[in-house]
Amino acid sequence: MPTTTVRTIGARISKWGEGPIWWNNSLLYVDIEGHAIIQLNPETEEETIWNIGERIGTVVPTECGSLLYAGDTGIIRFDPQTGNKAPLGDPEAELRSTNRFNDGKCDPAGRFWAGSISLVKDPGTAKLYCLEANGELSVKIPEVTNSNGLCWSADATRFYYIDTPTKQVRCYDYDETSGNISNAVIAIDTQALGFKDSPDGMTIDSEGMLWIAFCHGGCVARFNPATGELLHKVDLPCVETTACAFGGPQLDRLFVTTGIHKSIDEADAGKVFVIDGLGVTGLPAFAYKG
């Protein structure tokens with residue numbers, strides 16, 4: 001790998017930044033515990049902030065110009081111009097005291113996939129859901145504990161997924177037409193590779209390699225899902241590295257969200273970091289088609 005540089009970008013200090021996605025020449029991400037959606041222009045470092053009033057696990061764009069987020073009250077369509085909110089589904093309303101939505105993304109066909117997390121770490125009580133363009137909501141993976149990073153291969157034949165406590169990345173066969181996933185295998189075992197901390201958000205580059213942010217681990221790392229090997233690791237001066245996404249005009253900059261540790265005082269905790277000089281590019285994000 002070529003020489004890389006790591007620096008912070010933007011003024012926002014999030015309590016728990018998450019879910020970065022590059023869209024329309026800007027970075028969208030959420031502050032889960034700060035109850036906000038943030039849009040960051042990396043060229044000017046100007047930030048637009050929408051205070052939502054609830055914890056938000058993830059946000060994605062829609063083809064009609066609105067935003068879709070998954071939060072405490074379920075999946076919501078949000079109009080950033082008017083602030084109007086339209087609920088689209090709340091599959092875990094009865095678990096609101098113990099569960100919330102966590103990471104999510106849109107697949108190549110424009111479906112919105114979002115998973116939940118058991119905040120009390122009750123094994124198997126969370127799920128990965130999928131919202132079709134027609135509004136139909138289904139369960140894709142039941143009995144998980146902390147639904148986290150997810151992404152699809154460039155040829156739309158494989159789906160990669162992290163249930164954080166397993167410390168593994170599972171690879172599924174993926175059918176773009178139906179949205180079905182099958183034949184799960186372990187692609188990467190981060191614990192076996194010496195990582196003691198928690199695999200969190202994940203993205204994929206144009207060479208098919210996976211980039212994972214390690215919560216409590218202060219790093220992002222690149223892995224080959226075909227062989228399971230570690231290829232590269234970049235350390236950051238902030239222990240709570242939560243998620244990553246490629247962005248910039250050439251999709252060659254890796255943006256990393258972070259959170260604030262409960263007991264460690266770090267100058268840049270909660271900031272967005274940008275890593276330049278990695279020598280690889282990412283893949284474009286997808287919008288919700290509903």
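The values are calculated or read from the model by the stated rules, or taken from the named source; none is laboratory data. If you're wondering where the values come from, they're calculated on a predicted model, not measured in any experiment. Virtual Cβ from ideal backbone geometry, glycine too; neighbours counted across all protein chains shown.
Report yes if GLY71 is of a type in the set (Gly, Ala, Ser) and within 19 Å of GLY201 (Cα to Cα), otherwise no. When the stated conditions are applied, GLY71 passes them. Going through (1) loosely packed, with under 15 Cβ neighbours inside 10 Å; (2) in contact with an Asp or Glu (Cβ under 7 Å, 6 or more places away or on another chain); (3) of a type in the set (S, T, N, Q) one by one, THR3 falls short only on (2). Within segment 219-235, the set of residues being in a strand (DSSP E or B), over 16 Å from LYS271 (Cα atoms) and of a type outside the set (Phe, Trp, Tyr) comprises ALA221, ARG222, LEU230, LEU231, HIS232, LYS233, VAL234. Annotation: of all residues in segment 120-147 being surrounded by 18 or more Cβ atoms within 10 Å (Cβ to Cβ) and within 18 Å of VAL185 (Cβ to Cβ), the one that is nearest to the chain's Cα centre (by Cα) is LEU128. Scan segment 194-218 for residues that are among the hydroxyl-bearing types (Ser, Thr, Tyr) and either on the phi > 0 side of the Ramachandran plot or part of a loop (DSSP other than H, G, I, E, B) (or both) and the total you get is 1.
Go through segment 239-256 and count every residue that is closer than 14 Å to GLY279 by Cβ, surrounded by fewer than 24 Cβ atoms within 10 Å (Cβ to Cβ) and not basic (Lys, Arg). Total satisfying the criteria: 4. Checked against (1) hydroxyl-bearing (Ser, Thr, Tyr); (2) within 29 Å of LEU278 (Cα to Cα); (3) at pLDDT 95 or above, THR3 passes all but condition (3). Against the numbered list (1) closer than 21 Å to GLY17 by Cα; (2) out of contact with any Gly (no Cβ under 8 Å at 6 or more places or on another chain); (3) surrounded by 13 or more Cβ atoms within 10 Å (Cβ to Cβ), LYS85 comes up short only at (1).
For PRO80, are the conditions met, namely being more than 24 Å from CYS244 (Cβ to Cβ), without any contact (Cβ under 8 Å) to a residue 60 or more places away in the chain and either crowded, with 21+ Cβ neighbours inside 10 Å or of a type outside the set (Asp, Glu) (or both)? For PRO80, the condition - more than 24 Å from CYS244 (Cβ to Cβ), without any contact (Cβ under 8 Å) to a residue 60 or more places away in the chain and either crowded, with 21+ Cβ neighbours inside 10 Å or of a type outside the set (Asp, Glu) (or both) - is not met. Taking the criterion of being hydrophobic (A, V, I, L, M, F, W, C) and in a strand (DSSP E or B), the residues of segment 75-95 that qualify are ILE75, ILE76, PHE78, ALA86, LEU88. Scanning segment 46-61 for residues that are assigned to a loop (DSSP other than H, G, I, E, B) and over 17 Å from SER147 (Cα atoms) gives ILE52, GLY53, GLU54. Meeting the requirement of 2 or more residues that are without any contact (Cβ under 8 Å) to a residue 40 or more places away in the chain and at positive phi, no strands (runs of 3 or more DSSP E) wholly within segment 96-193 can be named.
Taking residues in segment 33-55 that are within 14 Å of ARG12 (Cα to Cα) and surrounded by 17 or more Cβ atoms within 10 Å (Cβ to Cβ), and partners anywhere that are aromatic (Phe, Trp, Tyr) and modelled with pLDDT of 95 or more, the pairs with Cβ atoms closer than 6 Å and at least 6 places apart or on different chains are ILE37/TRP50; ILE38/TYR29.
For segment 257-279, the set of residues classified as surrounded by 18 or more Cβ atoms within 10 Å (Cβ to Cβ) and over 14 Å from the mean Cα position of the chain (by Cα) consists of ILE260, ALA269, GLY270, LYS271, PHE273, VAL274, ILE275, LEU278, listed by residue number.
Condition test on SER198, is it within 24 Å of ASN41 (Cβ to Cβ), of a type in the set (Gly, Ala, Ser) and in contact with a Ser or Thr (Cβ under 7 Å, 6 or more places away or on another chain)? Here the answer is no, as SER198 does not meet what is asked. Of the residues making up segment 236-289, those that are among the aromatic types (Phe, Trp, Tyr) and assigned to a loop (DSSP other than H, G, I, E, B) number 1.
Per the conditions (1) modelled with pLDDT of 95 or more; (2) over 22 Å from GLU176 (Cβ atoms); (3) surrounded by fewer than 18 Cβ atoms within 10 Å (Cβ to Cβ), the sole criterion not satisfied by ALA109 is (2).
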